[in-house]
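Here's the structure we're looking at; comments come further down.
Throughout, read-outs are computed from the coordinates displayed, never taken from laboratory work. Note that the structure is a prediction, hence the values are computed from the model and not measured. Cβ atoms come from the backbone with ideal geometry, glycine included; neighbour counts cover every protein chain shown.
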Amino acid sequence: MAHTNKAPKMIKKTDDIRQDIELMFFAYRAFTRDADLLLGELGLGRAHHRVLHFVHSRPGMFVGELLAILSISKQSLNRVMRELQAKQLISNDIDPEDRRRRRLHLTQNGTMLAEELLRLQRERFVRAYRSMTPDMVRAWRRVLEAMLDEDEREHILDVVGRRVFS
């Protein structure tokens with residue numbers, strides 16, 4: 001009998017996790033929806049958004065740093081960069097200290113777009129955080145940090161300016 005009593009608890013726990021996974025899919029869809037609509041009007045997508053976001057928050061970063069953050073190939077980044085440059089949203093400037101390296105900056109239009117995308121997504125976080133206590137927000141951040149792959153966690157937390165389980 002004891003064995004049968006444990007099975008429903010395990011099924012329930014598995015079902016809870018499945019529901020959490022599905023909620024994550026739907027939350028991510030909602031989180032990206034407004035930005036996707038704006039980007040779509042400009043003929044851009046999520047890859048462009050990621051580049052705009054990280055260059056906006058780290059003006060003057062090197063191309064290699066962006067490649068490491070995004071964990072993508074040079075070929076993938078080059079396609080996105082060409083499209084952003086064609087739309088005059090980003091510049092790829094030679095570093096005056098090391099002419100072999102390139103620094104990335106958003107143009108004025110690129111900065112305005114990145115700030116609008118950030119505003120749209122920040123609003124969603126603010127709405128969610130207002131419904132939570134500070135302890136709940138900290139717990140949510142711990143969940144996000146714990147979901148990172150262990151071999152990347154420290155690097156990613158450095159990138160975003162946090163320490164493990166801050």
Just need the relative contact order of segment 15-121 here, percent rounded to a whole number, with Cα pairs under 8 Å and 6+ apart. 30 percent
Between the modelled labels at residue 126 and residue 153 (7 Å from Cα along Cα→Cβ) the distance in nm is 3.2 nm
Rg/Rh over Cα atoms for segment 55-130, Kirkwood Rh, comes to 1.05
Run the quick spin-label model on residue 141 and residue 22: label points 7 Å from Cα toward the beta carbon, then report their separation in nm to one decimal. 3.1 nm
What's the whole-number percent of alpha carbon pairs in segment 13-91 lying beyond 21 angstrom? 41 percent
With +1 at each Lys and Arg Cβ and -1 at each Asp and Glu Cβ, the charge dipole magnitude of the chain around its Cα centre, to the nearest 20 debye, comes out at 240 debye
For the Cα atoms of the chain, what angle does the longest principal axis make with the long axis of helix 46-57, in degrees from 0 to 90, nearest 10? 70 degrees
If you wrap a convex hull around the alpha carbons of the chain, what volume per residue comes out, as a whole number of Å³? 165 Å³
